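Below: the structure, in structure tokens.
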Amino acid sequence: MGFDEEWASSKAAAQQPVSTRLDGAYDGPFPPSPGGDKDLNSSPARKKAAANDIETDFEPNTRRAGVWADEASIAAGKAFGGWATADGLTKVQETWWKSVTALLGRLAGEKSALRDTNKLFFTNDIGVGGDFAPLTKPSQLNQISPPQP
């Protein structure tokens with residue numbers, strides 16, 4: 001599919017009417033599980049796994065690929081020593097390493113955000129639970145016996 005066809009298809013899709021429909025809601029007094037609503041798309045285990053994948057796979061492999069390409073550019077630059085091509089390869093090498101460094105920074109930021117989000121959700125859940133704790137305990141007024149005639 002060419003650009004014009006894809007653009008026309010995207011444009012047509014964007015012009016379709018938009019609506020919202022609620023199919024149902026939980027009607028109990030408390031969420032169905034201690035972890036919150038079953039429809040909340042937040043999984044601490046999946047966030048932890050993604051952060052670990054970034055740390056153990058993406059970051060080291062990105063660094064390794066960056067160094068490999070950097071070494072190849074240095075070797076090519078030496079082979080073209082004294083030519084204008086060598087200057088161009090030096091510029092490419094600098095730009096490449098800036099890109100690799102930026103990508104590594106982005107990966108580190110995403111890893112940190114995934115881990116911090118888990119902490120934020122957990123802390124928020126504990127805080128909200130604490131706010132509702134007085135409502136889940138029986139009132140002391142219910143435990144007072146009425147006076148005897």
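The values are calculated or read from the model by the stated rules, or taken from the named source; none is laboratory data. Keep in mind it's a predicted model, so treat the numbers as computed, not measured. Cβ coordinates were reconstructed from backbone atoms using ideal geometry, including for glycine residues, and neighbour counts include every protein chain displayed.
Miscellaneous remarks
- Contact map, region 91-114: first residue farther than 30 Å from Lys48 by Cβ and aliphatic (A, V, I, L, M), second residue surrounded by 12 or more Cβ atoms within 10 Å (Cβ to Cβ) and modelled with pLDDT under 90, Cβ cut-off under 8 Å, separation 6 or more or different chains; pairs are Val92/Ser73.
- Taken over region 57-81, residues that are closer than 18 Å to Gly105 by Cβ, modelled with pLDDT of 85 or more and not acidic (Asp, Glu) amount to 9.
- Flag set for Lys119, criterion: at pLDDT below 90 and either among the basic types (Lys, Arg) or under 23 Å from Ser43 (Cα atoms) (or both).
- The single condition from (1) modelled with pLDDT of 85 or more; (2) loosely packed, with under 14 Cβ neighbours inside 10 Å that Val100 fails is (2).
- Residues being outside any helix (DSSP H, G or I) and surrounded by fewer than 13 Cβ atoms within 10 Å (Cβ to Cβ) - total across region 44-96: 3
- Single residue of Ala113, Ala108 found to be closer than 30 Å to Ala45 by Cα and modelled with pLDDT of 95 or more: Ala108
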